[in-house]
1. Residues that are under 21 Å from Asp382 (Cβ atoms) and modelled with pLDDT of 95 or more: which strands (runs of 3 or more DSSP E) entirely in segment 407-502 hold 2 or more of them?
2. Looking at (1) surrounded by fewer than 20 Cβ atoms within 10 Å (Cβ to Cβ); (2) at pLDDT below 95; (3) within 16 Å of Asn44 (Cα to Cα), which is the one condition that is false for Thr315?
3. (1) within 16 Å of the ligand (Cβ to nearest atom); (2) surrounded by 21 or more Cβ atoms within 10 Å (Cβ to Cβ): which one isn't true of Gly404, the others all being true?
4. If you scan segment 26-43, which residues turn out to be more than 9 Å from the ligand (Cβ to nearest atom) and either among the polar types (S, T, N, Q) or outside any strand (DSSP E or B) (or both)?
5. Run down Ser95, Ser86 and say which single residue is in contact with a strand residue (DSSP E or B) (Cβ under 6 Å, 6 or more places away or on another chain) and within 16 Å of the ligand (Cβ to nearest atom).
6. Against the definition (at positive phi and buried (at least 20 other Cβ atoms within 10 Å of the Cβ)), how does Gly166 come out, yes or no?
7. Does Arg13 fit the bill of being surrounded by fewer than 17 Cβ atoms within 10 Å (Cβ to Cβ) and not assigned by TED's automatic domain parsing to the domain that holds Val172?
8. Condition first: under 22 Å from Asn234 (Cβ atoms) and of a type in the set (D, E, K, R). Now tell me which residues in segment 161-219 satisfy that.
Amino acid sequence: MTAATDTITETFRPALHYAARNTWLNDPNGLIFHDGVYHLYYQNNPQGNVWGNMSWGHATSTDLLTWTERPVAIACDENEEIFSGSIVYDRDNTSGFGTESVAPLVAIYTSAYKPGSEHEGVQAQSLAHSLDGGYTWTKHTGNPVLNRGSADFRDPKVIRYDGDAGSYWVMVAVEAKDFQVVFYKSDDLKNWELLSTFGPANATGGIWECPDLFPLPVDGDPENLKWVLTVNLNPGGPNNGSAGQYFVGNFDGKSFISASTVSEGLQDPDRLGEYQWLDWGRDYYAAVSFYDAPDNRCLMIAWMNNWEYANHIPTTPWRSPMSLAREITLTASDGKLSLIQQPVGDWAALADPSKSFTLSETTISDTTLVLDGAAGTVQRIDATFAPGSGEEFGLIVRGDGVQGTRVGIRPGEDSLVVDRRESGITDFHETFPSCDSAPIQPLDGGYHLTIFVDHCSVEIFAQGGQVTMTELIFPADTSTEVAVYATGGTATVNHLQITQVA
Ligand code: FRU
């Protein structure tokens with residue numbers, strides 16, 4: 001490793017997001033909370049920092065902010081690569097992989113069969129189990145357990161269904177190129193029966209990957225449960241490249257009936273703004289929820305990257321971080337069911353209270369105001385703005401007086417904007433420099449932004465988590481300034497608070 005490589009590594013390595021020590025990662029896999037520990041498995045190339053040799057890497061955490069890398073959990077071999085999938089806790093040992101005293105964890109993953117292997121060219125679903133709480137895994141000798149002879153059948157997410165139709169395992173997976181989610185059921189995780197299919201619907205500008213299915217109470221009412229089906233697609237996101245859409249509806253144990261299908265069949269890209277997105281930024285893909293999260297909460301992590309430029313981001317020797325974990329809830333407003341997302345993890349507990357910064361009731365006019373005493377590289381910013389006559393207003397983070405990442409509101413356009421064209425290093429791929437936007441409505445006449453800044457990312461939770469945007473940035477570690485700005489007139493910062501972690 002050269003000195004220059006070292007410098008790059010330390011500049012961008014996230015403080016409060018997971019990244020592998022010196023290898024490549026993509027999708028989070030098999031997220032599970034078990035015996036007091038959050039397990040994050042992930043698509044990993046144990047031998048390099050670009051995609052390849054797909055295996056399941058492994059990291060653990062107790063606070064969802066700080067992670068410990070573990071040995072590779074499930075490794076590729078001469079026959080198969082280990083593509084994305086999920087893990088369940090088989091409490092009743094339905095699979096028979098357990099012993100009298102230990103119920104197994106069972107991983108359900110896609111075997112992507114290699115040239116020259118028995119199932120060459122096929123993607124099929126396979127099992128592995130762990131009897132030591134997820135640290136070591138044994139592949140099932142009867143793999144694959146579900147083979148449709150398809151080249152693009154992958155990303156099984158298994159949940160336990162307990163409802164009017166009975167109690168059994170349900171798998172959602174994709175036929176990626178058919179823009180279809182397929183639903184299967186099983187009593188033992190080994191024998192699977194097709195229940196139904198869903199799609200194509202809404203966004204179909206790219207292949208469908210990594211689905212998830214979970215129930216959520218509407219506005220916390222346990223008597224009013226709805227089901228959410230998430231589907232990641234690549235490309236075809238609202239700001240180009242990889243992104244995740246979701247549908248809200250009902251699942252009766254057999255079929256998913258969507259209440260948020262705007263259009264069926266293959267779609268016109270002009271309708272992207274009508275669909276529901278997990279995140280409107282460029283770098284939030286393959287999001288998936290934890291099995292057995294505490295208190296029945298729905299917690300999700302996504303890969304913080306985009307297939308458009310994923311293999312090129314300047315973070316040698318590791319490449320790609322995960323997003324922060326988010327709690328997902330469901331709310332009804334204006335006759336529509338939508339997800340609300342909130343970051344999980346106690347940043348305040350890791351913060352340096354002597355460096356906290358606040359500002360209140362400050363009106364700015366056609367200016368950029370650098371905030372004295374607010375500089376930092378890892379920070380949570382909470383800001384509330386009231387619009388004035390300005391066309392655009394907001395914050396510039398990781399700035400140096402010349403460059404910075406702009407997070408702004410354009411009230412006349414009802415849009416939230418993230419402009420990373422001058423965020424630092426952007427020239428590693430032509431599609432990276434971007435000015436991206438998401439629809440946003442004022443709330444009580446104003447705009448609330450919570451922004452999590454780390455060494456190579458910004459994650460924005462606007463209007464209490466109604467709209468989120470996640471983007472990678474690669475600023476110099478000397479770019480630490482925070483500024484507020486308004487263009488074309490005035491805007492008022494009602495309140496701004498910064499929690500500094502580093
Ligand atoms: C999504 C994906 C999955 C696949 C995995 C391979 O990013 O393409 O569909 O299982 O990555 O690494």
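1. Answer list for segment 407-502: 415-419, 447-454, 457-462, 467-472, 481-500.
2. It is condition (1) that Thr315 fails.
3. Unmet for Gly404, out of (1) within 16 Å of the ligand (Cβ to nearest atom); (2) surrounded by 21 or more Cβ atoms within 10 Å (Cβ to Cβ): (1).
4. Asp35, Gly36
5. Unique residue meeting the criteria: Ser86.
6. no
7. yes
8. The answer is Glu175, Lys177, Asp178, Glu209, Asp212.
The values are calculated or read from the model by the stated rules, or taken from the named source; none is laboratory data. Quick caveat, the model's predicted, so the values are computed rather than measured. Using ideal geometry, Cβ is built from the backbone for each residue, glycine included, and neighbour counts are taken over all protein chains shown.
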